[in-house]
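Working notes, beginning with the structure itself.
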Amino acid sequence: MKRVNVAVVGAAGWIGGLHSDCWVRAKSLSSDAEIHLHTAVDINEEAVRKVAARYGYAHWSIDYNEVIDNPEVDLVDICCDNNLHKEIAVKAANKGKLILCEKPMATNYPDAKEMADAVRDNNIQARVGFMFRKYPSVAFIRQLIDRGDIGELRQFKVFFEQDSVADPGLPYNWRFCKKTAGGGSIVGLGSHIIDISRYFMGEFDEVCAELTTFINERPMRDDKSKMGRVDVDDMSMVLVKFKNGGTGALFTSLVTHGKKHHMEFQLAGSKATVIFNSERMNEVQIYEAEGSPDKRGFKTIFIGELHPYGELFSQKAGMGIGTKEGFTLQMVDYLKDAVNGTVNGATFDDGLKNVLCIEKIQESAERGNWVKVEA
């Protein structure tokens with residue numbers, strides 16, 4: 001097997017810690033690469049030392065340039081603030097590194113294009129962190145589409161809701177600033193459901209959107225008597241016309257009380273309707289318009305050993321896996337692609353189109369009308 005030395009930038013953050021854990025899990029599932037956690041990188045020295053010790057990194061650093069310049073490092077996993085993605089990714093691509101970049105790929109289309117151009121010019125395999133594609137249940141739905149079991153794809157409706165910032169007393173941070181985050185719920189949550197929409201339905205043609213900010217200011221972390229202005233959305237609703245002739249409706253929220261990490265969609269076709277709920281991620285509901293009408297109804301399929309990635313887990317249908325397996329499978333597939341020259345994941349071109357969709361949604365919300373999704 002090919003040895004791959006991994007460095008995670010932003011390792012002391014929440015998503016960096018999650019990636020670190022999933023790289024450890026990926027070691028036992030990867031048959032194409034021998035994974036080694038080489039360096040944990042974060043500006044918080046005390047925190048990154050603890051992360052390095054917890055997950056067994058060989059080294060730690062507070063400067064991402066050290067891993068980009070280090071010939072021992074093969075893969076740079078970018079888990080830091082959104083506005084830092086471009087600089088790190090372009091430098092890594094120019095050094096010939098493999099790159100896994102958390103979503104969104106960039107905070108704006110020009111930066112995303114520079115990143116996509118850099119990996120293309122350097123002939124780099126690079127991926128964007130859209131892990132929902134790797135849920136076995138979602139991969140199974142993609143199989144149903146490819147087999148023609150759903151028929152002509154007509155409509156896709158999807159919700160992604162949380163209450164993570166519903167408390168108006170939550171201190172101001174970089175995620176509440178468009179310059180550093182690129183947007184609010186339409187970026188943090190919307191980027192995922194835009195990707196899933198494209199994964200199933202194909203490219204966006206036009207969008208019409210409403211973005212809303214209900215909590216317009218938040219207390220500053222160091223001085224709560226001062227308030228920081230929030231200039232990103234905390235709720236969104238988007239109508240979509242797809243190039244395949246189908247339609248869509250996308251909803252996001254970061255302030256819906258009681259919703260923790262709830263992504264749910266309905267895909268309607270000429271032969272069947274499929275429903276998925278991320279809180280029941282090992283199930284798919286399907287209604288097939290065939291057979292005797294008096295026996296028709298939604299049936300629940302328990303995802304297991306007969307479905308995508310089933311051979312990797314020693315579990316029967318009904319036992320189930322968790323969200324981290326989606327991240328882990330993304331890493332395993334990426335390394336398989338890197339070794340074998342295949343493509344099975346969200347590329348930087350997918351990330352570029354995703355950022356374009358976000359910008360056109362924001363433009364539509366500002367203009368109050370339909371906007372064509374084109375560069």
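Looking at this structure, is Pro293 in the same structural domain as Ala209 (by TED's automatic domain parsing) and within 23 Å of the chain's Cα centre (by Cα)?
No; evaluated as a whole, the condition is false for this residue.
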Considering only residues that are within 19 Å of Asn173 (Cβ to Cβ) and in a loop (DSSP other than H, G, I, E, B), which ones fall in region 1-22?
Gly10, Ala11, Ala12, Gly13
Considering only residues that are under 25 Å from His192 (Cα atoms) and exposed (fewer than 15 other Cβ atoms within 10 Å of the Cβ), which ones fall in region 311-322?
Gly322
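So that you can scan it fast, the table gives a plain yes or no per residue for (1) assigned by TED's automatic domain parsing to the domain that holds Leu100; (2) out of contact with any His (no Cβ under 8 Å at 6 or more places or on another chain); (3) closer than 29 Å to Thr328 by Cβ:
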site	(1), (2), (3)
Met115	yes, no, yes
Leu144	no, yes, yes
Arg147	no, yes, yes
Glu152	no, yes, no
Val165	no, yes, yes
Pro171	no, yes, no
Ile186	no, yes, yes
Leu189	no, yes, yes
Ile215	no, yes, no
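Among the candidates Val230, Val165, Val187, which residue alone is more than 22 Å from Glu374 (Cα to Cα), surrounded by 17 or more Cβ atoms within 10 Å (Cβ to Cβ) and touching a helix residue (DSSP H, G or I) at 6+ places or on another chain (Cβ under 7 Å)?
Within the list Val230, Val165, Val187, the selection yields Val230.
Thr323 - would you say it is touching a His at 6+ places or on another chain (Cβ under 8 Å) and closer than 30 Å to Val4 by Cα? Before you say what the answer is, go through the steps one by one.
Details: touching a His at 6+ places or on another chain (Cβ under 8 Å): yes; closer than 30 Å to Val4 by Cα: yes.
In short, yes.
How many residues are in contact with a strand residue (DSSP E or B) (Cβ under 6 Å, 6 or more places away or on another chain) and either among the polar types (S, T, N, Q) or closer than 10 Å to Ala126 by Cα (or both) when one looks only at region 336-349?
The first filter runs over region 336-349 and keeps only residues in contact with a strand residue (DSSP E or B) (Cβ under 6 Å, 6 or more places away or on another chain), leaving 338-339, 345-346, 348.
When the remaining residues are screened for being either among the polar types (S, T, N, Q) or closer than 10 Å to Ala126 by Cα (or both), the result is 338, 345-346, 348.
Adding up the residues that qualify gives 4.
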Hey, can you tell me all the residues within region 115-156 that are within 18 Å of the chain's Cα centre (by Cα) and surrounded by fewer than 19 Cβ atoms within 10 Å (Cβ to Cβ)?
Arg142
Just to check your reading of the model, which residue among Arg147, Arg142, Arg127 is touching a Leu at 6+ places or on another chain (Cβ under 7 Å) and under 19 Å from Gly202 (Cα atoms)?
Arg127
Residues that are over 24 Å from Gly190 (Cβ atoms) and modelled with pLDDT of 95 or more: does region 99-116 have at least one?
no
Quick one: Ile303 ticks every box in (1) touching a helix residue (DSSP H, G or I) at 6+ places or on another chain (Cβ under 8 Å); (2) modelled with pLDDT under 95 except a single one, so which number is it?
(2)
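The values are calculated or read from the model by the stated rules, or taken from the named source; none is laboratory data. Please read these numbers as outputs of a predicted model, since none were measured by experiment. Glycine also receives a Cβ, built like all others from the backbone with ideal geometry; neighbour counts cover every protein chain displayed.
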